[in-house]
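The values are calculated or read from the model by the stated rules, or taken from the named source; none is laboratory data. Because the structure is a prediction, the values reported are computed rather than measured. Cβ: placed from backbone, ideal geometry, glycine included. Neighbour counts: every protein chain shown.
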Amino acid sequence: MLMEWSIAAAAIAFVALVAGLLYAIRIGLKRLERMQASAEALQKDLQQLTAQASSLLVPAEETIKTLKEGVQSAEGLFKAVKGAGHTIHQSTSALERVTSTLSDSAVRHAEQLAGKRQLDEAVQWAELGLTAWHLWQWGRKSDGVDNGRSYSGKG
């Protein structure tokens, strides 16, 4: 009888062991399913992030190109400003020469007018005005300036 009890206890222990193993396997499978679902969700999120990142790369590339063009334009602008400064310097020099010439001519004409008749005075002032006008026109053409714009030689 002791042997029968031992066999029964061994059988019960075996059944309990198998039941425990089946329960552990079932819990492991459920955890594995949850991990698989999490991995699939992660993969889906990763695909969405990849798509979003790809869609951001095109505008970013265009922005970088625009910035590069802006820098190149600014470089051209700086060169143009430097050229304008040079032109202004030349115009100022020409204007100083014209002013000096006009001043000298006015002094000469004023000295000559003191001893001549009124008709001579009018002729000399007309000559002075014409000289000034010619000098002014010469200064504009030699400096390439036309009413604040660069002289292109057209029209």
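Observations on the model:
- Residue check for S91: over 26 Å from the mean Cα position of the chain (by Cα) and under 30 Å from A122 (Cβ atoms): no
- Within region 51-76, no residue satisfies the criterion of being among the basic types (K, R) and surrounded by fewer than 10 Cβ atoms within 10 Å (Cβ to Cβ).
- Criterion (part of a helix (DSSP H, G or I), among the aliphatic types (A, V, I, L, M), modelled with pLDDT under 85 and within 30 Å of S142 (Cβ to Cβ)) met by exactly one of V71, V58, V81: V81
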